[in-house]
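Step one of this worksheet: look at the structure below.
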Amino acid sequence: MDRGLFFVIGDFFTTFGSAAAASRAVEAGRKPRRGDLKKLGIDPTAFDKIGRF
């Protein structure tokens, strides 16, 4: 494993930040940023197809 401890910690915080940003956007009725969805492993095109209840 070539990654250092600080890289892993930074990646964790980046992923957590993307999850929080996407969650806030959805709660506010907005579409999350593509970059946040990609970081979370969610296909932005597939996310667009999700309808509201």
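A few comments on the model shown:
- Counting only protein heavy atoms and a probe of 1.4 Å, the accessible surface of the chain is 61% carbon and sulfur.
- For the chain, the solvent-accessible area of protein heavy atoms averages 85 Å² per residue (probe radius 1.4 Å; ligands and nucleic acids excluded).
- Dipole magnitude for the chain: computed about the Cα centre from +1 point charges on Lys and Arg Cβ and -1 point charges on Asp and Glu Cβ, it is near 280 debye.
- For the chain, average projected area of the Cα convex hull in nm²: 4.3 nm²
The values are calculated or read from the model by the stated rules, or taken from the named source; none is laboratory data. Treat the numbers as computed from the prediction; the structure is a model and nothing was measured. Cβ: placed from backbone, ideal geometry, glycine included. Neighbour counts: every protein chain shown. What goes into the accessible areas is simple: the full protein's heavy atoms, side chains included, and nothing from ligands, DNA or RNA. Shrake-Rupley method; radii C 1.70, N 1.55, O 1.52, S 1.80 Å.
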